[in-house]
Amino acid sequence: MPARRTRSVLIARLTNEGPGRPQAAILDELRRCLLDGGVPPGTPIPLDEVASVFGVSRIPVREALKTLIGEGLVEHRTNAGYAVATLTNAELHELYLVREVLETAALTSSVAAAGPGRRHRGERRAPCPR
């Protein structure tokens, strides 16, 4: 007896409530699902099932996926189909470098805007536990 196929995490999160052109609605909904963090990297994107959710052929789904590939959210794997993009170690390292610079700039700006009285209060606080 063949194993029962489980429903994709992505398919379970898709909704077909967006008005407008099918491809734009598909693109917006796929992007929303990928960016909200509910679909793990590497998750396959079943073309036929996405098309079924939206009641369209595979063509507008493929076009939406091509756009998402350009945005770095989706990967196309030869002979394996589409999947949610994964980050390499180098990309993760770069992401954290950028985050460090942005957070340092935000903190520096906040301290400068706080004024002397508030700055002194912040310096007296206990350091964060690690």
Output for segment 73-124, where each listed residue is among the β-branched types (Val, Ile, Thr), at pLDDT 90 or above and assigned to a helix (DSSP H, G or I): Val98, Val101, Thr104
Selection from segment 63-99 of residues that are β-branched (Val, Ile, Thr) and either touching a helix residue (DSSP H, G or I) at 6+ places or on another chain (Cβ under 9 Å) or surrounded by fewer than 11 Cβ atoms within 10 Å (Cβ to Cβ) (or both): Thr67, Val74, Thr78, Val84, Thr88, Val98
Residue list for segment 52-62, filter: within 15 Å of Gly81 (Cα to Cα) and surrounded by 15 or more Cβ atoms within 10 Å (Cβ to Cβ): Val61, Arg62
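Look at Val61 and say whether it is touching a strand residue (DSSP E or B) at 6+ places or on another chain (Cβ under 6 Å) and touching a residue at least 12 places away in the same chain (Cβ under 8 Å).
Details: touching a strand residue (DSSP E or B) at 6+ places or on another chain (Cβ under 6 Å): no; touching a residue at least 12 places away in the same chain (Cβ under 8 Å): yes.
Answer is no for this residue.
The values are calculated or read from the model by the stated rules, or taken from the named source; none is laboratory data. As the structure is a prediction and not an experimental result, all values here were calculated from the model. FYI the Cβ positions are ideal-geometry reconstructions off the backbone, even for glycines, and counts take in every protein chain you see.
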